[in-house]
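Chemist: A single structure is presented below for examination.
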Amino acid sequence: MRGEARDEFRLLRGAAVAALGCAGLAACATPLPTRLPQAASTARPYSGPPAPGSTSGLRGTEKPYQIRGIWYYPKADPDYDERGVGSWYGEQFHNRRTANGEIFDMDLPSAAHKTLPLPSIVEVTNLDNGRKMKVRVNDRGPFIDGRIIDLSKAAAEQLGYDRAGVAHVRVRYIGPASKTPFDAPRIIAAAPPPPEPRYAPPPKTRVYASGLPPAQPAYGPPPPPKAADPDFAPPPAPQESAPLVPAEPAPPPMPTPALASAYRVQAGAFANLGNAERALAQLGGTGDASIESIERGPNVLYRVIVRAGPDEAEAFGVRDRVAALGFSDATVLGP
């Protein structure tokens, strides 16, 4: 009996070992998950690209990002209106790429914001002096507690806090901006040029030779008078006159101030000369306006400039008048 019990035990133990071996092989053949399951995941299955006009898809500049361990979630906020500290950045980032791939130029108005869509238009008001302007947001920042916007050097100069470095500001969202930094459609508001008049040939007329006087030479001195002409008299002989007293030398002209010593207002900057000319026509009657061309790397930029005089306060008054004509991002250029 004991021998039979031992044999039965060996058989049961062998069966158990075989069962465990099969289970182990099955476990090895099953692939392990590559990610831990998310209990509260809100992800939805992919259903193809968004339909045209849909806002469900995120652009590259609207995706969440992390800076110094803090996550930021860009989003459109039509009611965005915030007060805080504004700062500015310049030479350290000059000619470098912004968050949306543009080239940062510290001498042109622009701004950086942590969460507004890129590019956007915002209105920034310096609460310390009342100055305000609309500026294009094309970068991310500032990543310092309490600061809500970073302006370029040129924009900070317009708001009057480039020397102080910071100011108490109000930032209000206006709307999305043009994809390109220049030639925004809201600036090109002048009417199209009138069509050129059609060519009309001159009317055909018949000329009868019998009624015409004899032909005369078109050029040359008149014929001399006949000698028998009683009205002819030779010119009088020249007479000696008293020596002329030399006149006093004219006073030298008064020096006029150079254009560079006056403030100027930049109404806009354009990549296309035709757009700059239409903007110049739109500024008719504003003042002494002209177009200046400057080189920005391989490209040429056409700036529409309005002369504003030597007084700074008067220059900002000219800027306000230019902005009222549709050039909301007009800027004052120093002498």
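The values are calculated or read from the model by the stated rules, or taken from the named source; none is laboratory data. These numbers come from a predicted model, not from an experiment. Cβ placement follows ideal geometry from the backbone for every residue including glycine, while neighbour counts extend to all protein chains displayed.
Chemist: Name the pairs whose Cβ atoms lie under 9 Å apart, with the first residue in the range 63-79 and within 13 Å of Pro117 (Cβ to Cβ) and in contact (Cβ under 8 Å) with a residue 40 or more places away in the chain, the second surrounded by 10 or more Cβ atoms within 10 Å (Cβ to Cβ) and of a type in the set (Val, Ile, Thr), and 6 or more positions between them or separate chains?
Modeler: Cβ pairs passing all conditions: Tyr72/Thr115; Tyr73/Thr115; Pro74/Thr61; Pro74/Thr115; Lys75/Thr115; Asp77/Thr115.
Chemist: Counting only residues that are in contact with a Leu (Cβ under 7 Å, 6 or more places away or on another chain) and crowded, with 21+ Cβ neighbours inside 10 Å, how many does the range 168-182 have?
Modeler: Selection size over the range 168-182: 1.
Chemist: Among the numbered criteria (1) at pLDDT 90 or above; (2) among the β-branched types (Val, Ile, Thr); (3) loosely packed, with under 10 Cβ neighbours inside 10 Å, which one does Val85 miss?
Modeler: (3)
Chemist: While we're on this one: Please go through the range 292-321 and give me each residue that is surrounded by 14 or more Cβ atoms within 10 Å (Cβ to Cβ), under 16 Å from the mean Cα position of the chain (by Cα) and touching a residue at least 40 places away in the same chain (Cβ under 8 Å), ordered by number.
Modeler: Arg296, Leu301, Ile305
Every residue, every condition in (1) among the hydrophobic types (A, V, I, L, M, F, W, C); (2) in the same structural domain as Pro298 (by TED's automatic domain parsing); (3) assigned to a strand (DSSP E or B), yes or no:
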site: Glu82; (1), (2), (3): no, no, yes
site: Gly101; (1), (2), (3): no, no, no
site: Pro117; (1), (2), (3): no, no, no
site: Lys134; (1), (2), (3): no, no, yes
site: Phe143; (1), (2), (3): yes, no, no
site: Ala156; (1), (2), (3): yes, no, no
